[in-house]
1. With the Cα gyration tensor of region 65-124 giving a ≥ b ≥ c as the square roots of its eigenvalues, does the rule (a/c under 1.5 for rounded; else a/b larger than b/c for prolate; else oblate) give rounded, prolate or oblate?
2. Taking only C-alpha pairs under 8 Å that are 6+ residues apart, what is the relative contact order of the chain in percent?
3. Hey, any idea what % of the chain's accessible area is carbon plus sulfur with a 1.4 Å probe?
4. Measuring from a point 7 Å past the Cα of LEU217 along Cα-to-C-beta, which residues in region 20-63 have an amide N at less than 12 Å?
5. What's the FRET efficiency of GLU98 with SER150 using the Cβ-Cβ distance as r and R₀ = 25 Å, to the nearest 0.05?
6. Karplus couplings for region 197-204 from phi (6.51 cos²θ - 1.76 cosθ + 1.60, θ = phi - 60°), rounded to Hz, Gly and Pro as x?
7. Just the number please: accessible area per residue for the chain, 1.4 Å probe, all protein chains included, in Å².
8. Among (i) 16.8, 54; (ii) 15.7, 45; (iii) 16.6, 50, only one was calculated for this model; which label is it, if the read-out is Rg and Dmax of the Cα atoms in Å?
Amino acid sequence: MPDKFTTLTPELHAYAVEHGAREDEVLRRLAEETERELADVAIMQIAPDQGAFITLLLRLMGARRALELGTFTGYSAICIARGLGEGGLLVTCDVSEEWAAIARRYWTEAGVADRIGLRLGPALETLRDLPSEEPFDFAFIDADKSEYPSYYEECLRLLRPGGLAMLDNVFRGGGVLEADDDDPRNVATRELNERIAADERVDVAMLPVADGVTLALKR
């Protein structure tokens, strides 16, 4: 009888990408350039299977307004923008003009630049400036992990009832299991994971996709 839980080896992940992600040429070249030019931080880019999951999820939701914290070189923004309905808008936040320059090129190539609005500056400041009277359908949280608790609260304010927040890297490479690990990013993620699990304002599911994602559906 097969094991209930299957360890995702690099070979199995490659199989999942090959058979389920449909990563096109634009995304492949973006991933390759990010790895080549920004090797030290390229790990921040989402995995192809995660991108496919986001696009499909947004299409199922019929989402039209989305929010992203942590643009990096724009891979996840393309996946989000492709999932939005006609007239859709993605507001995405980052602090690096260098990374944003790469992102803009690929957004144009992917044909989604007209539905992406980039805000350069600290994400928390951007969030606090956004009015709750113009709610979002979806929020992807993938920026400074030490700020996750604040990001979560602001995104929850900005989501419509029935809107979905997706938080990336909630496993922190296994760091969430190390109670004596005092890295501020791991501490904040552990504390927020506990808070969301008990948060009656949302329905929640934590999934073993990439480095762990939490889905929090606003009630």
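The values are calculated or read from the model by the stated rules, or taken from the named source; none is laboratory data. Everything numeric in this text was worked out from a predicted model, so none of it was measured. Using ideal geometry, Cβ is built from the backbone for each residue, glycine included, and neighbour counts are taken over all protein chains shown. Quick note on the areas: whole protein, heavy atoms, side chains included, nothing else; ligands and nucleic acids left out. Shrake-Rupley method; radii C 1.70, N 1.55, O 1.52, S 1.80 Å.
1. On the way: a/c = 2.15, a/b = 1.29, b/c = 1.66.
The shape class here is oblate.
2. Working: 361 pairs, mean separation 33.5, N = 219.
Dividing the mean separation by the residue count of the chain yields 15 percent.
3. Values: 6010 of 11330 Å².
Here carbon and sulfur together make up 53 percent of the probe-accessible area.
4. It comes to 61, nothing else.
5. Details: r = 25 Å, r/R0 = 1.00.
The calculated FRET efficiency here is 0.50.
6. 4, 10, 7, 6, 7, 9, 9, 9
7. 52
8. Correct label is (i).
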